[in-house]
Each structure stands twice: as structure tokens, then as C-alpha cells.
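The values are calculated or read from the model by the stated rules, or taken from the named source; none is laboratory data. In this text the structure is predicted, and so the values were computed from the model without any measurement. Note that we place each Cβ from the backbone using ideal geometry, even for glycine, and neighbour counts take in every protein chain shown.
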Amino acid sequence: MSKYRNGTYVAFNGMGTTNPTESDMKYYGLLQLWNKSNKYDFTFSDSHDKTYSVADSSKLATLKARLLERLRNSKHILLIATEFASINRGLLNWEIEKAVEKYGLPIIVVYPGFEKITNTNSLRNRLPAKLLEYIDNKTVKTIHIPFKQGIIEKTIADFSVHTPPKYTITTYTEEFYKNN
């Protein structure tokens, strides 16, 4: 197990395309923009920037090895949960499986298009099958939040493998949203 676990591993369904408008890649791009721009008070240590990049033509074994290295150095996963996230395509379920079973990472689930998340029951249709399985059998720690810059930054700082949520499913309270 790596001692250097300070990265945020961002996971999303890329839908097998390099066109960000056709997948959740656009939200990852927005996180990167916030992180790299001086216009925003937002920073995170992106696990995907810490290893060599992988070309689209790379073999699956090479890609998985690189992703495992990134997961090993991460303190949590930030999962972008849209209608695409539940589609069983690509490596998303595999990434979640390795994160939970191999590295014990908590998962910060972010939902674009919401002002607050206080009840996750109606959002289950946005979750990948593997995450639902882990939530149902209580083998993962999750916190569910809206895709809002300040809330994401606070959650990244507060929830990690070093300080996981107390429950399988956690949300912020109404009081939190009034004050943030």
C-alpha cells in the first residue's frame, strides 16, 4: 500500500468517445479548469496527472496497470454520476471494484444539475452497478453531493481514506446547505 495517498481519482463514464460533449468527460474537464485557473479558488491533487498518460491505442493491460497506479496513490474517488454513469460500458465498474476491494477508498459521488443532495434513493439510477452492489452490502463508504465547486472542494478536503465517512451512504444536512 502506498504511503503517498493524497490524490483525487476522478471517475466517470467516457462512453468510448474522445468528444467531451458526448460523455461525462466535460465535467472532468471543468474540474481541471477550476484546478488550473487562477480565476477560481479551487485546488485538488489530480491522480491522473501523477503518472504517464495512456494513449487511446494502448493495450487494455497497459491502461489497467496505469489506472491501478493512480488508484494506489489516491485518497478517494470522485465519481461523476449522471445518466451515463449507470451504463455498463468501459472500465468504470472495474475502477470502482479495485478502489474499494484493493485500496479501501471512499467514494465521493457528485451529481451535476442539483443544488443539494439530502436523499439518495431517487438517484440510484445514476450509479454504476458495482457501486450499487457495494452500497447495498455496506462495503463502501460514500458521500453524495451536488456538482458545485465549493462543496466539492470542502468534501475533497474532509473525506478520504484517512478520514472516511462514518456510514455507507452519507449526505450533508439541510443545515450544511444553508451555510454553504
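Against the test of being surrounded by 15 or more Cβ atoms within 10 Å (Cβ to Cβ) and either more than 19 Å from Ile96 (Cα to Cα) or modelled with pLDDT under 80 (or both), the options Asp56, Asp46 yield a single qualifying residue, Asp46. Can you find a residue that is touching a helix residue (DSSP H, G or I) at 6+ places or on another chain (Cβ under 9 Å), surrounded by 14 or more Cβ atoms within 10 Å (Cβ to Cβ) and modelled with pLDDT of 90 or more anywhere in the range 82-90? Yes. So, Tyr167, is that one more than 14 Å from the chain's Cα centre (by Cα) and crowded, with 16+ Cβ neighbours inside 10 Å or not? No; evaluated as a whole, the condition is false for this residue. Taken together, the criteria place Arg124 among residues that are within 23 Å of Glu22 (Cα to Cα) and basic (Lys, Arg). Total residues in the range 129-162 satisfying the condition of being without any contact (Cβ under 8 Å) to a residue 60 or more places away in the chain, within 24 Å of Arg72 (Cβ to Cβ) and under 16 Å from the mean Cα position of the chain (by Cα): the figure is 12. Of the residues making up the range 133-149, those that are over 12 Å from Ile107 (Cα atoms) and either of a type in the set (Lys, Arg) or surrounded by 11 or more Cβ atoms within 10 Å (Cβ to Cβ) (or both) are Glu133, Asp136, Lys138, Pro146, Phe147, Lys148, Gln149. Summed over the range 105-119, residues that are closer than 16 Å to Thr142 by Cα and either among the aliphatic types (A, V, I, L, M) or at pLDDT 95 or above (or both) total 9.
Residues of the range 21-43 that are over 12 Å from Thr8 (Cβ atoms) and modelled with pLDDT under 80: Thr21, Glu22, Ser23, Ser37, Asn38, Lys39, Tyr40, Asp41.
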